[in-house]
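The values are calculated or read from the model by the stated rules, or taken from the named source; none is laboratory data. Given the structure is predicted, the values throughout are model-derived calculations rather than measurements. Glycine gets a Cβ as well: all are built from the backbone with ideal geometry, and neighbour counts include every protein chain shown. Areas reflect the complete protein model, heavy atoms only, side chains present, ligands, DNA and RNA absent. Shrake-Rupley method; radii C 1.70, N 1.55, O 1.52, S 1.80 Å.
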Amino acid sequence: MASPDASASSGFMATFQDFDLEDVFQKAEVHVTNEASKNFVVEFGSETARIAFNLCPDDINTLLGRDPDPVNYPIRWINIWDPSAQVDVMKAIGNRYGFSPRLLSLMTTSRSQQDEARRHHRDKRRAALRHQRTLKDLEKGEVMNGRHSSIKHSAAEANDNLAVYMQVKDTVNYSSTDQTQKAFCIGANWLHKRPTSERVHPHRVSIMPPKHWQWLALCNNHTVLSIHERPSFEPVPDKENKQSWHHDEFEHMRAHTLDVLRQLSERGFEQYKANPLAQSSVRESLRKLPLPHPDLSRQPSGMSVSSNGEMGSIADEGTSNLFYYLFEDYVAAGPLKAAEEELDEMTRKVLDSTYRNKVSKSSEIIPTLHYLSKDLREFKHLFENYKNLIRKIMAVGKPDASPNNQFVADNRVSLTKSALSRFDRLGDRLQYLMLNTIEGYLEEIAALSTTYFNLTQQKDSQATARLTRSATLLAKLSVFFLPISFMTSYFSVQIEDLYLYWTGTTYWYAFAVIASVSFVCLFFFGRLLMFFSDVLDGWAAVMGDWGHALSRGIWACMGFKSRKKVEGEDKDA
């Protein structure tokens, strides 16, 4: 008669299905795109693969109680959706791999609790701005520094601490690392595509894609953990179907995990031959390794994997590559193309503003350049964070990373040479392709802003010059018409001794003479004005000197001395 443990183990093994079968492969695709899914576990080798869906806490405990099959299924991948809804499962994983209580608590904090803490923190800040501190009434039990007060506000202080943590966590450049004797865990924000809209929205759409938080852990028993936080969706644009928008964003959020999962089955190898950036040669690369001698000598490189005293094997290679491909996601590089297109459009608008027939809107150009620069700075922080994570991940594989510290050398967690080489190349690509490109875009935006302000200032100067010319033209026209107006006023005087001798011919003769003289004066008006201005300024200076000398003479004649002379005589005395 079989023991209860053996029966439970056989029943648990029945939940696994052959991942190379077509119906199981399709079931896996449906599982990933279903919001109600809880978890899946994949165990695979170079020739076989099996998968189980939605395991209960008891099954997870049974699974964690045994190591992967070293012959047929040496590599294990445990994926958890929404750990806040599976606290028992997360506790089992945390106990198995030595997660700290603080890390486990952060992983299992629900999104609703996070939002509540953030809301509480925001409301408390508003209340602090509205109210001033007032004295407490001791008769009503309002104590300033008492035990009752501290107990009353302990929950609020906890919410405040959680709100501060979530505020920091929501920034794109935040990441978390934790290392135990059995696992190395990282947490960071990963980007996913924004759903495309068929409508044209009047407002600018940020090039920064939405993000989601994910934990990745590399364990010492050839196991990789991927833990996805409960989805948090972006606000839906106006006039868009909310349900359809959330469905599309949810699929984009899990697209990378689905890409890696598909290629662990033989059914998924052919789907990604035309998409090299999405290829993850985890299981396929294992077949190219020499089976008779599966050990991978990585000790000379200083980046070997040690697990229970055994040098690197095919399981080490597959586990390291799986961890790398779960980390590698090129969705973050896509928006740089949109940034380039938007920057080209802004360049065209700024340079077109030099033409008089082109009217540039500062209310459109300046905000666009500002928000584009803000998005690019966020991208820069994100890639710098990824580069920092890569540096920490690579430090785990060095031979001096474990023996001299508290971790046991036989159980330390590290990566194979090939995986570390991939991380090294990824870090180079982040620097030379992403960060340098972003830095160039930021410099171009700064130069474009300076060019736009210079062009605006130049156009203002040209407008001022045109206004000056218009004023000069009006002044010259007044030179032409002012004498004629004076002559007309003179002929309109009702004095009998004058108008009796005036005739129409007299008026027109006088008009012709004065108009001719005024027209000739137009050509000399500017120079005459400058001449008379200089002459008047010279006369004013001469008269000022004469007045000053005259005043000094008058004071001298009256017997008064100047203040300077009196002070000089007093000093001499």
Review point. Any idea which of F233, F250 is aromatic (F, W, Y), assigned to a loop (DSSP other than H, G, I, E, B) and surrounded by fewer than 21 Cβ atoms within 10 Å (Cβ to Cβ)?
Key: F233
Review point. If you scan the stretch 208-219, which residues turn out to be open to solvent by 20 Å² or more (accessible area, probe 1.4 Å) and either within 27 Å of Y97 (Cα to Cα) or not in a strand (DSSP E or B) (or both)?
Key: H212
Revision key, fill the gap. M311 meets each of (1) out of contact with any helix residue (DSSP H, G or I) (no Cβ under 8 Å at 6 or more places or on another chain); (2) modelled with pLDDT under 75; (3) among the hydrophobic types (A, V, I, L, M, F, W, C); (4) closer than 24 Å to V205 by Cα with one exception, condition (4)
Point to revise | Positions within the stretch 312-358 being within 26 Å of D375 (Cα to Cα) and assigned to a loop (DSSP other than H, G, I, E, B), in sequence order | key: E328, D329, G334, S353
Practice item. Of all residues in the stretch 489-525, count the ones that are assigned to a helix (DSSP H, G or I), open to solvent by less than 60 Å² (accessible area, probe 1.4 Å) and not small (G, A, S). Key: 8
Point to revise | Given (1) surrounded by fewer than 10 Cβ atoms within 10 Å (Cβ to Cβ); (2) under 30 Å from T354 (Cα atoms); (3) not small (G, A, S), index of the condition T450 fails | key: (1)
Check your understanding: Just to be sure, is N241 more than 22 Å from V24 (Cα to Cα), modelled with pLDDT under 90 and open to solvent by less than 30 Å² (accessible area, probe 1.4 Å)?
Key -> no
**Study point:** Output for the stretch 67-106, where each listed residue is open to solvent by 60 Å² or more (accessible area, probe 1.4 Å) and of a type in the set (D, E, K, R)
**Key:** D67, D88, K91, R102
Review point. For D295, all conditions in the list (1) surrounded by fewer than 12 Cβ atoms within 10 Å (Cβ to Cβ); (2) at pLDDT below 80 hold save one; what is the number of the exception?
Key: (1)
Revision key, fill the gap. Condition set loosely packed, with under 15 Cβ neighbours inside 10 Å and polar (S, T, N, Q), scope the stretch 417-447, selection nearest to S363 (Cα to Cα): answer is N436
Check your understanding: Does Q457 satisfy the criteria of being surrounded by fewer than 11 Cβ atoms within 10 Å (Cβ to Cβ), polar (S, T, N, Q) and not in a helix (DSSP H, G or I)?
Key -> no
Check your understanding: Taking A465 and the conditions (1) in a helix (DSSP H, G or I); (2) touching a helix residue (DSSP H, G or I) at 6+ places or on another chain (Cβ under 7 Å), which numbered condition does it fall short on, given that it satisfies the others?
Key -> (2)
Study note, to complete from the structure: Looking across the stretch 526-540 at residues that are surrounded by 11 or more Cβ atoms within 10 Å (Cβ to Cβ) and not small (G, A, S), the single one that is modelled with the highest pLDDT is F531
Exercise for review: Go through the stretch 314-340 and count every residue that is among the polar types (S, T, N, Q) and at pLDDT below 75.
Suggested key: 0
Exercise for review: Determine the pairs where a residue that is under 15 Å from A188 (Cβ atoms), located within the stretch 326-339, has a partner that is buried (at least 16 other Cβ atoms within 10 Å of the Cβ) and charged (D, E, K, R) with Cβ atoms under 7 Å apart, the partner being 6 or more residues away or on another chain.
Suggested key: V331/K193
Review point. If you take the residues of the stretch 484-507 that are in contact with a Phe, Trp or Tyr (Cβ under 9 Å, 6 or more places away or on another chain) and hydrophobic (A, V, I, L, M, F, W, C), which of them is farthest from S518 (Cα to Cα)?
Key: L498
